[in-house]
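First up is the structure itself, then whatever we jot down about it.
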Amino acid sequence: MQNAKKRAAISGVATIVLALPAASFAQSQAPAVSPATLADEQARAAASTQASDSPATDKPAQATSLRRLIIPFYEFFGARSPADVGTTTLDKDAFTIRTDGSGDANSALRGLPNVQYQDETDTDAGIDGQKILDTRPELLSISGGRTYENNFIVNGIPTNTVTGSVERYGNSELASDTNTPNADRFYGLHPQTIFVPSDFVDSVTVVDSNASARYGNFQGGVVSYELNKPNTERWTGTASVEVESDKFVSYNIATTDGTNPLDRKPPEFTKIKSSLSLSGPINEIFSMIAQYSRTDATTKKQKDYIYYSGDIREDSLNNFFRLQLDARTDYGLFSLEGMVTDYTQGYESPNWRDMHVDVSTRTYAGKLEHSYTFDNVETPLGQILGLTLDTKAVVSHSSTRNQTNSDTARVYQIREGTRTASQWTSSDPDILSWCRLDPTTTTNVICYEGGYGANKVQEQTQYLFGQNVTGSIWAGTFEAGFDLTHTNARRARESDFTYYTSVNTLWDARSLGLSQFTCLGSEACGPDQYADKKSIWAAFDNTTALNSADAWLQLEQTFGWLTVRPGVRLQVDDYQKNVNIAPRIAATITPIERIELSAGFNRYYAGESLAYAIRDNQPRGQSYIRSHDGSGNVTDEWTMRAPTGVYGNRASDLRTPFTDEWVAGIKVIDPLVDGAFRLRYVNRAMKDQYARANLGSNVWELTNSGTGAYESATAEYAKTWHVERFRFLDQLTLTASFTWSAQELSPDSYFYDEDDLLDRILYNGQSYSVAGFSVVTGNMDIPMRAQLAMMTSWYEGRFNLGFAANYNFPFTGVEDTGRTQVFEGVRHDVWEDKDFDGTLTVDLHSNLVLLRDGHRSVRLNLVANNLFNEIGNATANNSNPFIKGRSFWLGLSTTF
């Protein structure tokens, strides 16, 4: 009776809360399943064998009844619904075999259908220190979407950078040889706010098409990570440490002519990845898990000769913390969870005296969640079985900072000269104490001192409350829910940045016969030179807030051989003030046992409008000039050149970009070996995309005229055998896929450099900016790809060996011809089509039990990436001529 009162009270609260308006960011709650499905799951769980990485028990080994194992559709090809024809779920073993050993969870998704991560046409693919130090997650394009158009979810927490991760000047990050960073750019922005370590992933679900109505705010795909759960039976722990260094890497020269004309040395580096996890029950009610992971990376490079050739040590640190406390009570399951990502990457310019930039991302996320399953509920519409209400509140804060050593930068000139003769040299001892002449040339020598662009920050704080209810009713299930989200966003340059970009020397003023300049002020002036030009980037602090609401409703009903899943999703916010209704409909027929035919139509709306709001009215750099008088006097009086104003980035009066999708698929259990086949066709049309219209006189207007299209056909297969024919082989799992895809996108993105007339590309009679051209032809497109993964377990789990192979079929791409041509009055680089060769890469994963005692074990782990040392079609330039080939991670792990 007491429990009945508790349930009645919770039901009353649920009714009141569900009556609230609906809100943002769909989560990854699993839909309710029918009692028959639950029974099937229990039977499968009872029959399943222990995972290969589970510790041994103290019980004596027993003979295993070896048999064929049918992989149910939803264990790999989808979730629990036959309509999830575009869903792939990887368990711990399938996930691990696909990772690259670096600790990046996204690396496991590289070979999945409709997931692109490569740019085989890259002509600047050389590895350098900054690329090695970058241990952030891999960027992924899913089903034709841009890398920032996905919805990443970690344990039900949205982890997306809603403030935008693409800058006006493209996506390039700091490189080891970057001379002068762009003062308008914020470096280090990433589409994800939480950097998930692979060691803690239990499973990952990727939705590339036919998404459930509970998912929204994306035009690419959905990636939902489920991390390790607290152990409720006993205290357990894991620890690991792995290392990679340049000693474990085969470097390949990848310049177009295969030479190293500048005699460059490959990068030296060390990476150490470590993790620790502890979990167990506190008492009969409470259980917890605490986890910590870190990746340290260090590398070094040499300063330019004129700065006395000292060594520069650069490093990065990727920290992840997690704590979760669960309480299983008569009132349901309560879960309190916190996660922290703390990432820092240092950069020091070899071409400056002292320029240093620390790029950091720090994210705090907390979640309070409650889940309760009611007894059967009688309603006027019928009886609801397994009614489950999930309620959660999420608070997160994420900040990306660019911290530099100074908000002032200055150039000096210590020699004026030509290729044949030196005409003047500086005698200022203050300058010559840190900058010297290059004896191999007689041309001008310029020295740089100072910092970069003042300190900058882009951050977001989100508060989310949501509920999701699922249950079985009539001939199937239903699901309904909402999210309410409030987001505060900020983008700021915390002080003015002044860059003295040019100097006048005594050689420039030689007609006056001066022995030195007379500095009547103190600003950037010395006896033999002074700054005659400067640019000032004014401080700014843009803040905005967004309230958004999402709601969804979905039914799934089965009538004999027909299953239908109609759904709808509502999305509104107070910035664009659009009411977006996204229909979702899927149908599956089962003409005979073992065959399912599915089709669907879906609409997905974008969710990154805040990216435009906080970039509105960002000040441009303003130029000033001054000169000396006839007596060589220099004052601090400057004359402003033509006003540059501010950047405009406003999308509040436009329609929300969306994608329409048509999907068809077939899933088959083959009658010979009980393997699972899946064939799919996806067709997407991107509409109302943001674009820029040229109004003339360097005036641009944001419009909804952008378009795009994506088309793909995929074939997949999965099978697990518990092998009885081969001695010592316990289990063999095989997955394979083939993907064909084609894509077309309009180039007029609002962030890209369409107003840059100095660096243009001519292709097929049309002019592109560099960034716009990369969108049209790149976006990581490989038209035809195949993937094969195999996992084996030997000697009762004491040895595990797996391979993951990826093959890119030959295709036609584009390349720079090296020619230039004047087109519409502007000089362009000419690009043409080129045929690229096929590329095969094979990765190996293995681990060997060195010690085992009950629940305790020690394993030796080896990961070999690019086993056959393939370099592919990408090329490198002479400054960074090396591409990383075969590489190894080696380490130890223990369970206790």
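Once backbone amide H atoms are built at 1.01 Å from N, Ala539 has Asp496, Phe497 as its partners under 5 Å, excluding neighbours fewer than 5 places away on the same chain. Val863 sits among other residues whose Cβ lies under 13 Å from its own Cβ, and their net charge, with Lys and Arg +1 and Asp and Glu -1, is -1. Packing, as the average of other Cβ atoms within 10 Å across residues, places the peptides 273-280, 298-305, 110-117 in the order 110-117, 273-280, 298-305, highest first.
What relative contact order, as a whole-number percentage, does the chain give when Cα pairs under 8 Å and 6 or more residues apart are counted? List each step's numbers first, then the result.
On the way: 2494 pairs, mean separation 132.4, N = 896.
Answer for the chain is 15 percent.
Listed by chain and number, the aspartates and glutamates whose C-alpha is less than 15 Å from the C-alpha of Lys392, apart from same-chain residues fewer than 8 away, are Asp326, Glu337, Glu369, Asp483, Asp550.
Only Lys, Arg, Asp and Glu count, each charged at its Cβ (+1, +1, -1, -1), so figure out the dipole size of the chain about its Cα centre, rounded to 20 debye.
1640
Rounded to the nearest 10 degrees, the inclination of helix 35-47 to the longest alpha-carbon principal axis of the chain is 80 degrees.
Report note on the peptides 465-478, 132-145: ranked by the mean count of other C-beta atoms within 10 Å, highest first, their order is 132-145, 465-478. Between rounded, prolate and oblate, where does region 332-457 land on the alpha carbon gyration tensor, with a ≥ b ≥ c its root eigenvalues, rounded for a/c under 1.5, else prolate if a/b exceeds b/c? Cα axes put region 332-457 in the prolate bin. When peptides 408-420, 229-241, 372-384 are sorted by average Cβ neighbour count within 10 Å, with the highest value leading, the order is 408-420, 229-241, 372-384. In order along region 729-739, the Karplus-derived 3J(HN,Hα) couplings, from 6.51 cos²θ - 1.76 cosθ + 1.60 at θ = phi - 60°, round to 8, 8, 8, 9, 10, 10, 10, 8, 8, 9, 10 Hz, and Gly and Pro are given as x.
Working note: Karplus 6.51/-1.76/1.60 with θ = phi - 60° gives region 628-642 the couplings 9, 8, x, 9, x, 7, 10, 10, 9, 8, 10, 10, 6, 7, 3 Hz, where Gly and Pro are set to x.
The residues neighbouring Val668, those whose beta-carbon lies less than 13 Å from its own, together hold a net charge of 0 under the Lys/Arg +1, Asp/Glu -1 convention. Residues whose amide H falls under 5 Å from that of Leu227, counting only those 5 or more places apart or on a different chain, are Asn155, Asp202, with hydrogens built in the peptide plane. From the coordinates of this entry, Cα extents along the principal axes in Å is computed, and it appears in [x] 101, 60, 57; [y] 116, 71, 62; [z] 84, 71, 62 under the label [x]. Which is farthest toward the positive dipole end of region 167-212 among His190, Val207, Thr180, measuring Cα position about the Cα centre, with Cβ charges +1 (Lys, Arg) and -1 (Asp, Glu)? Among His190, Val207, Thr180, the one farthest towards the positive end of the dipole of region 167-212 is Thr180. Helix 2-18 and the longest principal axis of the Cα set of the chain meet at an angle near 40°.
Counting only aspartates and glutamates at least 8 places from Lys456 when in the same chain, those with an alpha carbon closer than 13 Å to its own are Asp184, Asp358, Asp407, Glu494, Asp496, Asp541.
Around Phe738, with a cut-off of 13 angstrom between Cβ atoms, what is the net charge of the other residues, counting Lys and Arg +1 and Asp and Glu -1?
Taking every other residue near Phe738 into account, the sum is +2.
For Lys687, the aspartates and glutamates whose Cα falls under 17 Å of its own Cα, not counting residues fewer than eight places away in the same chain, are Glu149, Glu608, Asp653, Asp660, Glu661, Glu711, Glu744, Asp748.
Listed cross-link partners Lys131/Lys834; Lys229/Lys719; Lys247/Lys301; Lys131/Lys300; Lys273/Lys884; Lys131/Lys367 are compared with a 23 Å cut-off, the Cα-Cα value being larger for Lys131/Lys834; Lys229/Lys719; Lys131/Lys367. Residues whose amide H falls under 5 Å from that of Asn444, counting only those 5 or more places apart or on a different chain, are Gly417, with hydrogens built in the peptide plane.
Shown in residue order for region 245-259 are the 3J(HN,Hα) couplings computed by the Karplus curve 6.51 cos²θ - 1.76 cosθ + 1.60 at θ = phi - 60°: 8, 5, 5, 9, 10, 9, 8, 10, 6, 10, 5, 4, 9, x, 10 Hz (x for Gly and Pro).
FYI, it's all coordinate maths here, none of it is from the lab. Every value quoted in this text rests on a predicted model; they were computed, and no experiment measured them. Don't worry about glycine lacking a Cβ; one is built from the backbone with ideal geometry, like all the others, and counts go over all protein chains shown.
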